1. Among the residues of the stretch 94-114, count how many are among the polar types (S, T, N, Q) and either more than 13 Å from Ala238 (Cβ to Cβ) or touching a helix residue (DSSP H, G or I) at 6+ places or on another chain (Cβ under 9 Å) (or both).
2. Of Asp33, Asp62, which residue is modelled with pLDDT under 95, among the charged types (D, E, K, R) and buried (at least 16 other Cβ atoms within 10 Å of the Cβ)?
3. Suppose we keep only residues that are surrounded by fewer than 19 Cβ atoms within 10 Å (Cβ to Cβ) and acidic (Asp, Glu) within the stretch 238-264. Which one would you say is nearest to ligand 1 (Cβ to nearest atom)?
4. Checking Arg195 against (1) touching a helix residue (DSSP H, G or I) at 6+ places or on another chain (Cβ under 7 Å); (2) within 15 Å of ligand 1 (Cβ to nearest atom): exactly one of these is not met. Which one?
5. Would you point out the residue of the stretch 235-282, among those that are among the small types (Gly, Ala, Ser) and at pLDDT 95 or above, that is nearest to Ala95 (Cα to Cα)?
6. Find the residue count for the stretch 178-197, including only residues that are under 15 Å from His256 (Cα atoms) and surrounded by fewer than 21 Cβ atoms within 10 Å (Cβ to Cβ).
7. Looking at (1) more than 12 Å from ligand 1 (Cβ to nearest atom); (2) farther than 30 Å from Asp77 by Cα; (3) in contact with a strand residue (DSSP E or B) (Cβ under 6 Å, 6 or more places away or on another chain), which one does Pro223 not meet, given that it meets all the others?
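The values are calculated or read from the model by the stated rules, or taken from the named source; none is laboratory data. This is a predicted model, so every value here is computed, not measured. With ideal geometry, Cβ positions are generated from the backbone for all residues, glycine too; neighbour counts draw on all protein chains shown.
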Amino acid sequence: MSAVSASAAVRSRLNYLKHAGSTPYNYTFDPPDGGPWQNCEYDPREMPIANAREFICAPALDACGFELVDAPTRVRDFGDPRQIEQIYYREMQAAALQATGGREAFVFDHMLRRREPDRRPMTFGRHPDHVQGSTPGPAGRVHNDYTEASGKRRLAAVLGDEASRAVRGRYCIVNVWRSTSGPVLDAPLAVCDGRSVAPQDLVPSEIRYPNRTGEVYLMRHNPAHRWAYFHELETTEAIVFKQFDSVPGPTRFTPHSAFEHPDTPPDAPLRESIETRVLVLF
Ligand code: OGA
Ligand code: FE
């Protein structure tokens with residue numbers, strides 16, 4: 001009898017950027033003068049996505065840009081903002097320090113995501129049926145949360161001008177991502193090995209908020225990209241992945257995206273997750 005291993009590599013569609021030349025943008029609110037909410041076109045490509053649990057050497061943050069960590073939490077209700085700020089932020093600060101070997105860590109942001117049964121499986125920044133103020137769903141376009149420029153700007157945004165001027169050494173930004181409700185069967189997170197990303201694959205793109213403009217990288221397709229995910233990520237586990245590093249090294253950015261796993265059972269619980277963003281000083 002043969003059985004397909006549920007943990008084998010899969011193939012799935014990843015939404016790359018079809019880059020047309022001008023700076024890509026998208027609005028998170030109704031654009032002024034009724035203009036388009038985005039100018040990006042996407043380039044969906046089917047790519048192999050390996051199960052990183054099967055790697056002979058466990059992936060390591062400094063080598064490939066991502067790592068699996070044991071991260072049990074004392075939070076009982078992720079719907080309670082006090083538990084997130086008082087318990088979860090401290091836990092993630094410790095997790096980021098342990099994974100990076102850093103000296104100091106500052107958790108400065110988090111985002112809860114929930115896939116709703118009546119909404120599209122993935123969001124692309126914002127889409128026409130987006131409901132203002134609702135919980136975002138899985139993010140279905142390949143991106144990196146910071147660019148060379150916005151990663152540098154984050155230092156002062158988190159520490160303040162004066163303290164940031166005193167920083168002499170290396171700093172980086174990592175995300176810590178986990179499920180808030182059961183093992184992840186639906187819309188898992190794929191991460192791209194930073195060593196397989198060429199600088200010219202990354203395209204700075206604007207996210208326009210009412211009071212500021214943020215900058216992320218979207219990514220052009222390159223057959224060299226090596227993608228991975230962690231099969232059935234448990235609620236006691238988290239993925240730490242690098243979003244910026246002030247020091248050039250093998251990996252400074254880890255592009256990522258949610259994807260539709262071909263073996264997700266139709267009755268699988270819809271994905272619910274939390275990601276925290278952490279500035280780490282060395
Ligand atoms: C992130 C992110 C997408 C998702 O953690 O930075 O983009 O679908 N997550 O969870
Ligand atoms: Fe992201």
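1. So the answer is 1.
2. Result: Asp62 is the single residue among Asp33, Asp62 that is modelled with pLDDT under 95, among the charged types (D, E, K, R) and buried (at least 16 other Cβ atoms within 10 Å of the Cβ).
3. Out of the qualifying residues, it is Glu260.
4. (2)
5. Ala238
6. Count: 2.
7. It fails just one condition, (3).
For (1) away from ligand 2 (no atom under 15 Å from the Cβ); (2) over 13 Å from Asp193 (Cα atoms), each residue gets a yes or a no:
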| residue | (1), (2) |
| --- | --- |
| Ala228 | yes, no |
| Glu232 | yes, yes |
| Thr236 | yes, yes |
| Phe241 | no, no |
